[in-house]
1. Within 10 Å, count the other beta carbons around each residue, average over each peptide in 300-310, 80-90, and list them highest first.
2. Set Lys and Arg Cβ to +1 and Asp and Glu Cβ to -1, take the dipole of the chain about its Cα centre, and tell me which of 217, 445, 582 lies farthest positive.
3. Would you mind getting me the FRET efficiency between residue 522 and residue 291? Use the beta-carbon distance for r and R0 = 56 Å, nearest 0.05.
4. Of the options 375, 301, 400, report the single residue whose Cα projects farthest towards the positive end of the charge dipole of segment 274-420 (beta-carbon charges: Lys, Arg +1; Asp, Glu -1).
5. Report Rg(Cα)/(2.2 N^0.38 Å) for the chain, keeping two decimals.
6. Which lysines, if any, have their Cα less than 30 Å from the Cα of residue 54, not counting same-chain residues under 8 positions apart?
7. Go through segment 85-95 residue by residue and turn each phi into a ³J(HN,Hα) via Karplus (6.51, -1.76, 1.60, θ = phi - 60°); whole Hz please, and just put x for glycine and proline.
8. Put +1 on the Cβ of every Lys and Arg and -1 on every Asp and Glu Cβ in the chain; which of 494, 228, 292 then has its Cα farthest towards the positive end of the dipole?
Amino acid sequence: MTNKKITLLLLASVFTIQALTQTHVNKRAEWFVNARYGMFIHWGIYRGAEGFWKGEKLRNNNDYAEWIQYRNRIPKDEYLTLLNRFDWNNIDPEEWVRLAWQSGMKYVVLTSKHHDGFALWDSKVNDYNIGTYTNHKRDIVKEVSDACHKYGLKFGVYYSHWVDWEHPYGWDHTKEIYKITQKQYDEYWQNKVLPQMRELLTNYGKIDMIWFDMWFNHSRTIVSKEELIQLKKLIRKLQPECLVNSRLGLSIEEDPDVDYRTMGDNQLGRKKFDFPWQSPATVAHSWGYNAYEDKWKSTTTLLHSLINNVSLNGNLLLNIGPRANGDVPYEISLRLTEIGKWLAVNGESIYGSGAFDLPPSMHDWGKITYKQDDNGTSKVFLHVFNWPLEKKLYVTGIKNAPKRVYLLADKQKAPLKYNFSETVTSIDLSVPQPDPYVSVIVMEYDKKPDTENDLVAKSIYNGYSLTPYNFISAQGDKTIVKSHDFGSIPVHLTVKNKSSYTWRIYVEKPDTLNVDVSYGFEGENGKGKITVEVAGLNETKEVENTGLFVIEPGQNSRLENFKAFRFGTINITKPGYYDIKVSVEPAKNEKIDLLWVWIGK
Ligand code: GLC
């Protein structure tokens, strides 16, 4: 692509700052919250090994290829010979950045110094850096930072501050045995960490974030809080706009000046936060490329991860591990490009968007994000992970009628037909599914719509699934048993004493619905009973022994069986809210395990 073309495309894709939907965001982090999607680049000497050393596979099942020096106990001088495999004529970091830009990523984070302690810039602090070992003193930090500036992306560096296998007093885990003193560690800190940080923050123009990597709180490590504060102060002094993540070793709670929380590796969001946060993730498993990698996630999976995080106010930092010849593994570039194409069409639901007010896992068809655009229009984006077979999408819990509803992929914004009733919007989806991965529907409102959380949403399978997770009130036993035996025993409520549970649904049209209850009971028939009350139905049944079942042959496994029983059929004559009360009365020492109630077809 010519430079001119790039400039034109860049102009079309400049970052617009949206009105933020999340509240606890400091000024510095606003761009980050809007950006939502970035590229992580793990690249260093370990790329020459690709998970093997002298024919032996990496000595650890976690298969993090960038750990090979430590895991396979490789001496420093031998480790450096891996650089012989690098194809310096072919290595072009601008290509990596271009891929980020093409893929709709808004920032790039490069491993400037990983745990091996080797700097990817021509550091004057010590010789253990790329400049010393390349002919024309290559400086990968500079090359990536220049490329980021050219493509209009934010630029961040990963810097391993805690762990450093090069410096005699840097941390490596064997020092739990071969101890060093606090004073010695501080020598490493003062002589390597702080001066290198100063270099990075002085010589590479604007650095938008430093991505530290201490996955423990400082209290559990050799690093002192004072050292961390000193480091953070230096950053604030040299580049006051630069973001610092929580893997500095200080949580946001302990120090609100930390800009965002980094989750565990490949740990996606599960609940909504108001502060900025991010999941670092891989396309397969390892951060550094592994020759034997076989855990590739699909484009759909990765898109789900991104959308999931945005729906909870989070970011996704997706890693590429280019090889020693500079190439990005095909499996990675393919998926990133596909995500880029998706974002080119649907990016509005991601960039500058965030969590909506409804419970995150309320609907079974996918995830919701929300934004208020520059004209004040409120947009609720429905990400349909599972295009409904019955061609109807139900949105439960929004109390206002939308102004209009359309497919985000449709430039004409042709209206989709919908019905609105009190708190349920039923959208007619008898149109072709616009996207093979995730299709997005927009519901527009003049102002942020009102919501109600205490409802069980209508399923795309035409009914309401009442579970231990979505009752609105309970009296008595609330013990939830987690799923076990490989999920053969699903999450359920275990009831030992007389208890009752209430769920609320909204039925948007007259209908005839079945009421089924699934439970497991191992006692004698008739020892205990269950009553269901809903819309004129008041049915009590004695519990039956539901028996046992075998998960797999030849394993001598016998597990509790859950069985569904029809309690009746209800005739809904008018739209409205309906409460379902289920009372469980076990006999003494005869627990009843309540799995679900299904109101529907
Ligand atoms: C872990 C690993 C490291 C990787 C990082 C990415 O902390 O030690 O190899 O860089 O996670 O999140």
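The values are calculated or read from the model by the stated rules, or taken from the named source; none is laboratory data. Not measured: the values here are computed from a predicted model. Backbone-built Cβ (ideal geometry, glycine too); neighbour counts: all protein chains shown. The area values use the complete protein model at the heavy-atom level, side chains included, leaving out ligands, DNA and RNA. Shrake-Rupley method; radii C 1.70, N 1.55, O 1.52, S 1.80 Å.
1. On the way: 300-310: 21.7, 80-90: 13.8.
My ranking of the peptides, most packed first, is 300-310, 80-90.
2. After comparing all options, I get 445.
3. After rounding to 0.05, the efficiency reads 0.65.
4. Highest projection toward the positive end goes to 400.
5. Values: Rg = 27.9 Å, N = 601, 2.2 N^0.38 = 25.0 Å.
Its radius of gyration relative to the 2.2 N^0.38 Å reference: 1.12.
6. The reachable lysines, counting only those whose Cα sits under 30 Å from residue 54, are 76, 113, 137, 175, 179, 295, 297.
7. After applying 6.51 cos²θ - 1.76 cosθ + 1.60, I find 8, 7, 9, 5, 6, 8, 6, 9, x, 4, 4 Hz.
8. 228
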